[in-house]
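Comments concern the structure below.
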Amino acid sequence: MTIRYPNGKPYRINNDKKTNENQPKKKKVSYSNRGMTLEEDLNATNDYYLLRKQAVIHKKPIPIQVVNVDYPRRSAAKITEAYYKRASTTDYNGIYKGHYIDFEAKETRNKTSFPLKNFHDHQLTHMEMCHEHGGVCFVIIRFSTLNRVFLLNFPLLYKWWNQQLEEKGKKSIPLKEIETDAFEINYSLSPRLPYLKIVDQLISERNA
């Protein structure tokens, strides 16, 4: 029998007890390291929130213009040429407890710092405008080699972004600073990355 997750991926269950009894016992699964990308983790988390009516947050579609399409067979079509219509803003947006949520998701294999070159001017400009209008804006950063995930509030990200423009400004955010200024998100079974707990804190601090 095949059961599917909300994102369409299959989760298979074997109901044959004899087969299961003859198989060697499996080691306990570590939910902190499944080889999933940050995007997959966040999409699964947002599906969890949506199904439980806790929040409506989705990944933004990338605006592209299709130029050429190849039809290898009648039942399939393959895009062979396309280009971006305009620069994208941030990865995710939605609504939570009456608050507009807007955030970017980034990964790095660097073990000691997060390079600011991973961001673009138009993304910071977009988040700045959303923040000024009362939106809750932040970035979720994953150090993939260390398998650690952090949520950094926009004002702190903006501080680091501006200082890099100075003559001797740092071009990356040291991990030690992120450990101090950001919130670490610990992996769990459901949801995968429970970041709304931290968003609650950001909302409380903003309303204080």
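Using Cα-Cα distances under 8 Å and only pairs 6 or more residues apart, what relative contact order does the range 117-208 have, in percent? Intermediate values should be presented prior to the final figure.
Details: 77 pairs, mean separation 21.9, N = 92.
Over the range 117-208, the number comes to 24 percent.
Which entries in the list K59/K117; K59/K170; K111/K171; K60/K159; K60/K106; K111/K170 go over 20 Å, if you measure between the two C-alpha atoms of each? It would help to have the intermediate numbers written out before the result.
Details: K59/K117 22 Å; K59/K170 30 Å; K111/K171 15 Å; K60/K159 26 Å; K60/K106 15 Å; K111/K170 16 Å.
The answer is K59/K117; K59/K170; K60/K159.
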- Task: Please report Rg over Rh for the range 140-191, where both radii come from the alpha carbon positions and Rh follows the Kirkwood definition.
- Result: 1.05
- Note on the structure: Karplus-derived 3J(HN,Hα) from phi for the range 98-106 (6.51 cos²θ - 1.76 cosθ + 1.60, θ = phi - 60°), whole Hz, x at Gly and Pro, runs x, 10, 6, 10, 9, 8, 10, 10, 9
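A short reminder: the numbers here are calculations on the coordinates, not readings from a lab. In this text the structure is predicted, and so the values were computed from the model without any measurement.
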